[in-house]
Amino acid sequence: MIPPEELTQKARALMCKDDPSIRSIDEDKLDALIELYIQTGIQVHSPGYMGRQFSGIVPLSASIDMVGSVVNQPASFYEAGQLPNVAERIIAKEFYTFLGWEEDTGDMVSTSGGSLANLTAMLAARNKAYPNIWKDGLTSLQGRVPAVAISDDYHYSLSRAAGILGIGENQLIRLPLDEKRRIRPEMIESSLAQAKERGLDVFCLIASAGSTSVGAIDPIAEISEITRKHNIWLHVDGAHGGSLLVSDTLRPQVKDIGMADSFMLDAHKMLFVPSPCTLLFYRKKQDAFEAFNQKASYVFDKEPDIYTEFDSAPKNFECTKRPAIMNLWAVWALYGKSLFAQKIEYLNGLTHAFHDLIASTEDFETIHEPEINIFCFRYHPKTMSHEALSTLQDEIRKRIKLEGRFFISKVDIDHVAALRVVFMNHLITAEHCEALLEAIRTTGQTIIKEMFSDEC
Ligand SMILES: *Cc1c(COP(=O)(O)O)cnc(C)c1O
């Protein structure tokens, strides 16, 4: 990885000197600029890139993205972005059939990223639970203390949203997890009761379909029974795993997310389109209008007509919004949904095979059986003490990254570091997985000789 100072110098060297006249383009510099852009940063199209959830994209979606940049039609208003608003409805209906929803009972809006979708859903839940809060602000709570119950393995965008919405990070009730790091439904009632005793008013529960750390999918059906009983809004963060809906064979793993009040999925993750492109679903149509209860007369028509009815603006935060949905819809239209399904199925299969490979060795340990294409494990030769395990994984990950042949990530599980792979590119094959295992083993042994030779 290039140090930022050095990259800044290279970038500055490409800039023309201040001059009142506009220069004509220096094509060599343009070439150099594009090359520098491509060569630095993660290489999502390389089969050695196995470490994060950013995906190698379908090339067609990049062509459409470029069209989107040129026509520059913002997608929040039908008037400006006509096809994007229609495409959004078409994509929504495709998903309703996967979920078994009636055609017109739910709603979907695309947002610029999963973090914004999580914030929007929590905002909708909050506004529905406290109807005066939009106009009167936090004073309207009059002593009530809103709280959110959440998987202990939550993504940071959710605690950030809690901060933004005036809920406060300390009002997140962390729900206990089982050995697969899924919410334990049988423990929820007691967590809710304890929260109530502390004077907290739990209005929303957030589960995951594909947790960031290990890809765990929470038992949504059981959870939704409890949230309905207590009149609590259930939101599912399906940023990573929600896309399994497009695959006939994998859909049963995530189908229950349609029981939630809202859920979201990042199309820029497992549907392989340029980021950001996120779909936020509401099971009840009217809930989609809860988040932004606003009338701005210069943009929102009081009496919707057949055109303004297609505006997504009342339901999304962005005013000027990228028509990212076009990148997804175009691929869907021209190749069919099988393209996504086949990629996801292949990557899931590859992850299971890698798990089996790791499990068959003496010197590695698996941490879980993968539910999707995220898998965590450790290099752990028998001679290695438990105390040194974290340092060993950290050092392996650092050296592998610096070598540049592979890119993997690291996550702490029960306070011990683990290595993590996320397979996001169908160019990765079993041979690459074997080569990664060998690279980790070789690196690990070198580190042990250098750093821990007293222990062994
Ligand atoms: C990636 C991710 C997010 C954040 O989504 P962005 O599109 O990166 O903003 C939220 N939750 C989970 C589980 C994720 O994997």
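The values are calculated or read from the model by the stated rules, or taken from the named source; none is laboratory data. Predicted model only: the values in this text are computed from it and were never measured. Note that each Cβ is placed from the backbone with ideal geometry, even for glycine, and that neighbours are counted across all protein chains shown.
When the residues of region 275-286 are filtered to those that are more than 12 Å from the ligand (Cβ to nearest atom) and in a loop (DSSP other than H, G, I, E, B), which remaining residue is surrounded by the fewest Cβ atoms within 10 Å (Cβ to Cβ)? So the residue we want is 284.
Of all residues in region 333-346, one or more are touching a helix residue (DSSP H, G or I) at 6+ places or on another chain (Cβ under 6 Å), modelled with pLDDT of 95 or more, outside any helix (DSSP H, G or I) and surrounded by 15 or more Cβ atoms within 10 Å (Cβ to Cβ).
If I filter region 232-243 for residues that are more than 30 Å from residue 201 (Cα to Cα) and among the aromatic types (Phe, Trp, Tyr), do I get at least one hit? The answer is no; no qualifying residue exists.
Checking each residue in region 305-332 for being surrounded by 23 or more Cβ atoms within 10 Å (Cβ to Cβ), part of a helix (DSSP H, G or I) and among the aliphatic types (A, V, I, L, M) picks out 313, 325, 326, 328, 331. Residues considered: 420, 405. Of these, the only one that is of a type in the set (Lys, Arg), at negative phi and surrounded by 15 or more Cβ atoms within 10 Å (Cβ to Cβ) is 420.
For beta carbons closer than 7 Å, sequence separation of 6+ or different chains, a first residue in region 122-148 that is under 19 Å from residue 295 (Cα atoms) and a second that is of a type in the set (A, V, I, L, M) and crowded, with 22+ Cβ neighbours inside 10 Å, the qualifying pairs are 123/291; 124/291; 127/291.
With respect to the conditions (1) surrounded by fewer than 19 Cβ atoms within 10 Å (Cβ to Cβ); (2) within 23 Å of the chain's Cα centre (by Cα); (3) more than 16 Å from the ligand (Cβ to nearest atom), residue 141 lacks only one, and its number is (2). Residues that are of a type in the set (Phe, Trp, Tyr), within 21 Å of the chain's Cα centre (by Cα) and not in a strand (DSSP E or B) within region 401-427 comprise just one, 423.
Yes/no matrix, rows are residues, columns are (1) in a helix (DSSP H, G or I); (2) touching a residue at least 40 places away in the same chain (Cβ under 8 Å); (3) within 16 Å of the ligand (Cβ to nearest atom):
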{"residue": "16", "(1), (2), (3)": "no, no, no"}
{"residue": "20", "(1), (2), (3)": "no, no, no"}
{"residue": "74", "(1), (2), (3)": "no, yes, no"}
{"residue": "83", "(1), (2), (3)": "yes, yes, no"}
{"residue": "87", "(1), (2), (3)": "yes, yes, no"}
{"residue": "97", "(1), (2), (3)": "yes, no, no"}
{"residue": "117", "(1), (2), (3)": "yes, yes, yes"}
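How many residues does region 423-444 hold that are over 12 Å from residue 350 (Cβ atoms) and either free of Cβ contacts under 8 Å to residues at least 60 places away in the same chain or buried (at least 20 other Cβ atoms within 10 Å of the Cβ) (or both)? The qualifying residues number 7.
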